[in-house]
Amino acid sequence: MASEEDKRRLRERFRKQLRHAVSHEEELRRRQAAKARAAERIDRDEPGWRGEPDAETFAKMRRGGRARRHRELGGAAPPGLPRATVTAVHQGRIELDFAPARVAQRLLLDPDCRLVVGDEVLCEGTDGPRRAVALLPRRTRLARPDPGNPHRELLLAANVDVAVIVAAVRDPPLRPGLIDRFLLALQRGGVAPLLCVNKVDLLDARGLAELAATLAPYAGLDVPAVLCSAAAGLGLGELRERLRARTCVFVGHSGVGKSSLLNALDPAGARAVAAVHAGSGQGRHTTAGSRLCDLGDGTRVIDTPGIRAFGFERLLLAELRAAFPDLAAFASGCRFADCTHAHEPGCAVREAVAAGRLAAARLGSWLRLLGEVDDGER
């Protein structure tokens with residue numbers, strides 16, 4: 001007979017699944033709306049493009065060898081093919097940067113070939129649009145669960161050296177829990193983190209002291225932080241220097257000012273910005289899709305749409321523990337080796353929080369993420 005705890009876990013699991021469930025009619029409506037938006041963007045922004053390749057074009061692409069297009073290169077691809085970096089992905093096509101010429105070109109894209117900004121590919125074809133024939137191995141990756149299908153991973157960027165986690169001191173307020181989630185995702189993908197706190201010009205001396213206390217746990221984790229203000233021009237020199245000669249991706253909550261910071265670093269980019277909603281205080285989505293831009297001096301930046309929630313599918317307990325070394329330093333003193341730090345007696349982690357030796361926000365993030373660990377790992 002199932003215990004009350006087993007029943008609670010089952011209810012929680014079903015609740016997570018139902019959160020993403022939609023009716024068949026709603027799914028069709030969303031698909032039609034997405035196609036309409038894509039067609040509108042094509043007509044408005046790129047009048048020379050006449051929609052997706054037709055079925056005959058894709059058939060030729062498939063006859064050319066889908067297996068070659070999907071494999072990661074292992075030395076078997078034809079020599080001498082030009083190498084390119086994906087700078088943007090649209091419906092039915094991608095934009096490429098062919099180094100060292102730095103000439104942007106468009107390429108036909110098979111719908112089954114899932115490339116992301118930052119991917120490096122080998123291309124072939126001289127008459128008409130080129131096509132990707134091999135995907136080079138990804139050095140690093142940033143991914144999250146697909147909101148439309150929590151059992152599938154949604155890749156956001158590839159081959160980046162550092163991810164800039166952008167937060168704001170207010171409008172919207174700084175959320176340590178979201179920062180912790182990003183750190184876990186970056187750990188999974190092998191990407192180095194950099195914390196950038198925007199809008200610090202809105203703080204007085206007391207607010208700056210409180211911010212320093214909030215960021216102290218991340219200094220202990222060797223996560224560098226830069227205090228910035230895109231509006232006042234504060235901290236931009238330090239941020240630019242930390243990004244110099246590196247490929248970076250900007251991530252963060254909607255409305256924290258990612259596009260404003262990039263505009264300050266690259267005035268020629270002219271990215272759209274918008275104020276947060278006055279009623280809810282939530283950010284507005286102004287970046288529609290990811291795009292890689294060159295800031296000069298070897299610095300390349302990928303701007304991504306704002307993220308209001310960040311969950312994990314198939315989260316392993318070992319991954320979670322590795323992301324919280326500050327808790328592990330105290331966990332060795334717990335009475336039970338498998339202590340969850342939630343309710344067990346003799347928990348050294350909770351004692352450290354009560355004594356002010358460990359930030360309560362970090363324990364709170366641990367407990368929330370612990371609820372997302374795969375049931376078979378507990």
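The set of residues in the stretch 160-198 that are of a type in the set (Lys, Arg) and either surrounded by fewer than 23 Cβ atoms within 10 Å (Cβ to Cβ) or not assigned by TED's automatic domain parsing to the domain that holds Leu227 (or both) comprises Arg170, Arg175, Arg188.
Kindly establish whether Leu194 is farther than 23 Å from Ile302 by Cβ and of a type in the set (A, V, I, L, M, F, W, C). Spell out how you get there, then give the answer.
Numbers: farther than 23 Å from Ile302 by Cβ: no; of a type in the set (A, V, I, L, M, F, W, C): yes.
Taking the combined requirement at face value, the residue does not satisfy it.
Scanning the stretch 326-366 for residues that are surrounded by 20 or more Cβ atoms within 10 Å (Cβ to Cβ) and among the basic types (Lys, Arg) gives Arg350, Arg362. Checking each residue in the stretch 200-226 for being part of a strand (DSSP E or B) and farther than 22 Å from Leu184 by Cα picks out no residue at all. Restricting attention to the stretch 212-232 and to residues that are closer than 18 Å to Ala192 by Cβ and out of contact with any Lys or Arg (no Cβ under 8 Å at 6 or more places or on another chain), the residue that is surrounded by the fewest Cβ atoms within 10 Å (Cβ to Cβ) turns out to be Asp222.
The selection criterion, being in contact with a helix residue (DSSP H, G or I) (Cβ under 7 Å, 6 or more places away or on another chain) and of a type in the set (Val, Ile, Thr), does not hold for Val191.
Against the condition in contact with a helix residue (DSSP H, G or I) (Cβ under 8 Å, 6 or more places away or on another chain), modelled with pLDDT under 80 and either aromatic (Phe, Trp, Tyr) or outside any strand (DSSP E or B) (or both), how does Pro111 come out, does it pass? Explain how you work it out, then say what you get.
Values: in contact with a helix residue (DSSP H, G or I) (Cβ under 8 Å, 6 or more places away or on another chain): yes; modelled with pLDDT under 80: yes; either aromatic (Phe, Trp, Tyr) or outside any strand (DSSP E or B) (or both): yes.
Taking the combined requirement at face value, the residue satisfies it.
The values are calculated or read from the model by the stated rules, or taken from the named source; none is laboratory data. Quantities reported herein were computed from a predicted structural model and do not represent experimental measurements. In this analysis, Cβ positions are derived from the backbone assuming ideal geometry, glycine residues included, and neighbour counts consider all displayed protein chains.
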